[in-house]
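Here is the structure we will look at.
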Amino acid sequence: MQNDTFNSHGLKQKGANVTDANPQSTNASIPAVLVLADGRTYKGFGFGATGTSLGEAVFTTGMTGYQETMTDPSYHRQIVVATAPQIGNTGWNDEDNESRGSKIWVAGLVIRDLAHRVSNWRAARSLSEEMENQGVVGIRGIDTRALVRHLRNHGSIAAGIFSGEAAKRPLEELIEEVAGQASMKGADLSSEVSADEIYTVEAEGEKRFTVVAYDMGIKTATPANFAKRGIETIVVPAGTPYEAIKQYNPDGVFVSNGPGDPATADDAVAIVRDVLAAKVPFFGICFGNQILGRAFGMDTYKLKFGHRGINVPVQNHITGKIDITAQNHGFALASPSGKDNPAGEEFETDFGTAVVTHTCLNDHVIEGVALKNGLAYSVQYHPESAAGPHDAQPLFDQFVELMAAESPNAQ
């Protein structure tokens with residue numbers, strides 16, 4: 001097969017041959033094609049499972065952390081394109097999964113090169129083996145730079161990976177199947193990734209506080225960060241009414257990250273409004289930021305291609321500090337006043353004055369909101385940093401301080 005490759009300077013070499021031999025892949029010679037709903041196609045080779053996978057094509061700029069990305073429930077129904085040129089060199093281990101049950105949530109994976117061997121002392125198997133075990137379809141050997149440019153110019157788009165016999169079907173059929181899938185806009189997905197039952201993550205050492213965490217697609221690193229700070233976390237399914245969690249006498253309530261369109265999350269918004277009315281300390285991450293914003297009366301919208309990676313600069317407009325953050329979101333909060341740059345903007349809510357506390361320095365997207373009285377705050381990024389930088393981890397300490405100041409159960 002003929003594909004473009006690149007020399008040591010990153011320059012494209014026209015017509016260079018790409019070998020289909022790869023020790024990591026058990027289906028190394030199987031042809032595959034990535035099809036976008038607009039008719040654009042990218043031919044390559046399949047790895048992982050063989051067959052068909054549909055989802056929204058998005059790209060992530062993270063240089064590391066593919067295992068954490070793939071097991072993040074926020075990526076449900078998304079085909080992830082890696083901008084890093086080589087993926088798979090650290091294999092797959094059993095410690096870094098970010099979902100309960102170690103489930104891979106991405107709909108598919110698109111990469112340039114699959115590492116020829118695993119090189120990590122913790123690896124239990126290869127990336128391709130784990131994807132095959134879990135039925136996740138991948139495609140390698142395509143020009144991901146060209147693909148990412150297309151997504152940046154035209155936005156995230158419905159896509160499909162077809163490998164093996166599926167790739168031999170007429171192109172018109174493949175495009176029709178891809179275009180016919182449900183849009184991410186208007187998708188209510190939290191119930192599909194949330195826990196089916198309540199479970200508890202115990203505090204490490206002496207217990208200081210009890211937090212009820214709403215699982216909208218929670219990553220395991222979040223309750224682990226709470227546990228390190230003496231917090232017992234009671235994780236509840238996404239739609240659990242506020243009245244049902246009062247039995248736990250929580251010192252704080254947390255709403256996690258998760259997939260889907262926040263405009264559909266009316267039940268979660270109503271629950272958070274109940275929490276705010278009861279003056280219980282509140283903290284939200286990612287989807288939780290959008291839910292808190294909606295509880296304040298803000299609108300949400302779909303970003304052109306989203307923020308996905310571990311190198312996104314965000315400014316805190318309360319302190320002036322800039323953090324490099326890990327992010328994964330395709331929707332955002334709209335400015336209450338319609339400003340292009342709402343940094344530090346204040347507005348009135350049913351629960352008092354709120355403020356836009358954080359914005360992205362790349363595009364001025366709202367990255368955090370809070371009540372000025374301090375009882376509720378949220379951020380659009382991932383302070384649990386799995387994977388990613390640790391700049392934003394003090395946000396967990398801020399929650400501890402808030403509960404210590406407000407909770408009658410404080411120790």
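Details
- Percent RCO, i.e. relative contact order, over segment 280-387, from Cα pairs under 8 Å lying at least 6 residues apart: 33 percent
- Links that overshoot a 31 Å alpha carbon limit, given the list Lys219/Lys372; Lys103/Lys185; Lys228/Lys372; Lys43/Lys103; Lys219/Lys339; Lys168/Lys302: Lys219/Lys339; Lys168/Lys302
- Length gained on full extension, Asn311 to Asp38: 95.3 nm, using 0.36 nm per residue less the C-alpha separation.
- Under a 5 Å amide H cut-off, with hydrogens placed 1.01 Å from N, Met216 pairs with Ser256 among residues at least 5 apart or on other chains.
- Scanning residues 5 or more positions from Ala376 or on other chains, those with amide H under 5 Å from its amide H are Phe282, Leu371, with H placed 1.01 Å from N in the peptide plane.
- The spacing between segment 84-128 and segment 152-206, judged by their C-alpha centroids, is 19 Å.
- Peptides 282-290, 220-228, 347-355 ordered by average Cβ neighbours within 10 Å, highest first: 282-290, 220-228, 347-355
- Carbon/sulfur fraction of accessible area - segment 236-341, other protein chains in place, 1.4 Å, %: 49 percent
- Top of Pro237, Pro383, Pro73 by mean-square fluctuation, Gaussian network on the chain, Cα under 10 Å: Pro237
- Ordered by solvent-accessible area of protein heavy atoms (1.4 Å probe), largest first, the residues Trp121, Trp105, Trp92 come out as Trp121, Trp105, Trp92.
- Fraction of antiparallel bridges per DSSP, segment 190-406 only, in percent to nearest 5: 60 percent
- Length added when fully stretched, Lys228-Lys321, from 0.36 nm per residue minus Cα-Cα: 31.0 nm
- Long-range amide H partners of Ala57 with built H, under 5 Å: Ile79, Ile157, Ala158, Ala159
- Highest to lowest packing among 335-342, 107-114, scored as the average C-beta count within 10 Å: 107-114, 335-342
- Cα-Cα P(r), segment 290-348, percent of pairs per 10 Å interval: 20, 47, 33, 0
- Using θ = phi - 60° and Karplus 6.51 cos²θ - 1.76 cosθ + 1.60, couplings along segment 61-74 (whole Hz; Gly, Pro as x): 9, x, 7, 9, x, 5, 5, 5, 4, 5, 9, 7, x, 5
- Taking only the Cα atoms of the chain, the radius of gyration and Dmax are 21.7, 70 Å.
- A straight chain from His364 to Asp266 at 0.36 nm per residue would run longer than the Cα-Cα distance by 32.7 nm.
- Unit charges at the beta carbon, dipole of the chain: most positive-side option, Ala376, Pro313, Leu147: Leu147
- Using Cβ point charges alone (K and R +1, D and E -1), the dipole size of the chain about the Cα centre works out to roughly 1200 debye.
- A 1.4 Å probe over all protein chains sorts Glu176, Glu345 by accessible area into Glu176, Glu345, starting with the largest.
- Taking the square roots of 5 times each eigenvalue of the Cα gyration tensor of segment 31-180, largest first, gives ellipsoid semi-axes of 24, 15, 14 Å.
- Segment 167-244 - Kirkwood radius from inverse mean 1/r over Cα pairs (Å): 15.3 Å
- Karplus (6.51, -1.76, 1.60) ³J(HN,Hα), θ = phi - 60°, over segment 259-276, in Hz, Gly and Pro reported as x: x, x, 8, x, 5, 8, 8, 5, 5, 5, 4, 5, 5, 5, 4, 5, 5, 5
- Contact order for segment 190-406, expressed relative to its length and based on alpha carbon pairs under 8 Å spaced 6+ residues apart, stands at 18 percent.
- Ranking Pro241, Pro259, Gln78 by how far each Cα lies toward the positive end of the dipole of the chain (charges on Cβ) leaves Gln78 at the top.
- A simple rule links phi to the HN-Hα coupling: the Karplus curve 6.51 cos²θ - 1.76 cosθ + 1.60 with θ = phi - 60°, which for segment 288-295 gives x, 5, 5, 5, 4, x, 5, 5 Hz, with x for Gly and Pro.
- Relative contact order [Cα under 8 Å, 6+ residues apart], segment 31-180, whole percent: 38 percent
- Largest accessible area first, the listed residues Tyr66, Tyr248, Tyr214 line up as Tyr248, Tyr66, Tyr214 when surface is computed with a 1.4 Å probe on the assembled protein chains.
The values are calculated or read from the model by the stated rules, or taken from the named source; none is laboratory data. The shown structure was predicted, so the numbers you read here are calculated from the model rather than taken from an experiment. Please note: Cβ atoms are built from the backbone with ideal geometry, for glycine as well, and neighbour counts cover all protein chains shown. Side chains included, ligands, DNA and RNA excluded: accessible areas come from the protein's heavy atoms. Shrake-Rupley method; radii C 1.70, N 1.55, O 1.52, S 1.80 Å.
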